[in-house]
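Structure, as C-alpha cells:
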Amino acid sequence: MLLARSLRAVSALRPPLPAPRRRLWAALPRALLPAPLAAPAPARSLWQLGGGAGRTALLRPRRGSAGRVSCGCGGLHTEGDKAFAQFLTDEIQEEKKIQKHKSLPKVSGGWELEVHGTEARLVRKIAGEKITVTFNINNSIPPSAEDDTQEGQKPDEQEPELTSTPNFVVEVIKDDTKQTLVLDCHYPEDEIGHEGEEESDIFTIREVSFQPTGESDWKDTNYTLNTDSLDWALYDHLMDFLADRGVDNTFADELIELSTALEHQEYIKFLEDLKSFVKCQ
C-alpha cells in the first residue's frame, strides 16, 4: 500500500509533455494511454495525441503469446501494432483532407522541375546559360515557427500551417566556360512572412564559389566567399545577378509553396509506408 501511494505521488509530480509539431487527429481510448514520461517530444510524434498502446506493448512485453495477432507472415504482431495501424489509417485520411496540392505546383518563368525523393531541381536555360536551383525538403520546416505562435495563440484560433523553407543552391553555367558559379542561399527566419516590404529580400546569399563544370563532387580546396563580411555593394550586385536570371523574391515565394507541397506529399507517403510496415504488408 505504501509503495503504491509513493508511485502515485511521483507520477503526479511529473511535468506534462510538450506539444508535437503536427496536429495528430486520431486518439485512442484513455484507458490505453501510458503515464507521462519526463522526456522531450520529437518534432513529429505519433504517440503524444494518438495514444500509447503500442509503446506500452514495447516497454512491457507480455509473457507467452497473449496479445499477439497472427497473419501468417511469420512476423511479430501485437494488439499495439493493430491499434497503431488503425491510428495511422485515420491520420492519413485527415492529412489528405488538408492537403492543398494534389499535384506539385509549377514555378513561373519557364523552370523545369525534376524530383528525386526529397530532392528537387529547377532548371532554366536562357541566352547561352543554364541556371539550376537545387533544394532538399528534409529538415526544411523551421523548428521555432510553431513555438512562437503557440504562446500568444488564443484557444479559438486556428493553428498556423507548416511552411517548408529549405536552403537552396543556385548554379550558373555558361556554355563557353569550364567553371560553374555556385551560390548557397537560405531563408532568414526574421524575413519569412513579412508582407508589404518591397525593398526587403526574403532570401539571402550565404556563400559563393566556383566549381568545375560537370563534376558531381565539389572541391573543398576551391575558395569560398562568405557574405557575412562582404562589402554591401558587391553583395547587391550578386543579388541583382540572380534576379536577372529569374531568382528573385517572386521565385523564392513560389519555391516555398513548391517545397511545402512536396514536404507534405512526402510526409503522407511516409505515414503510408509506416502503416504498411506495421501491418507487415
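Any read-out appearing in this document is the output of simple, stated calculations on the displayed coordinates, not a laboratory observation. Here the structure is a predicted model, which means the values were calculated and not measured. No Cβ is skipped: glycine too gets one built from the backbone with ideal geometry, and neighbour counts run over all protein chains shown.
Near residue 264, once Lys and Arg are set to +1 and Asp and Glu to -1 for all other residues with Cβ below 9 Å from its Cβ, the sum equals -2. The Cβ shell under 12 Å around residue 171 holds other residues with a net charge of +2, Lys and Arg each +1, Asp and Glu each -1. What does the charge count near residue 126 come to, summing +1 for each Lys or Arg and -1 for each Asp or Glu among other residues with Cβ under 12 Å from its Cβ? Taking every other residue near residue 126 into account, the sum is +2. The peptide list 244-250, 234-240, put in order of mean Cβ contacts within 10 Å with the highest first, becomes 244-250, 234-240. Of the peptides 87-97, 173-183, the order by per-residue mean of other Cβ atoms within 10 Å, starting with the highest, comes out as 87-97, 173-183.
With 25 Å as the limit, the listed pairs 106/178; 106/269; 97/269; 125/269; 100/125 have 106/178; 125/269; 100/125 beyond it between alpha carbons. Computed packing ranks the peptides 200-207, 273-280 as 200-207, 273-280, most packed first, by mean other Cβ atoms within 10 Å.
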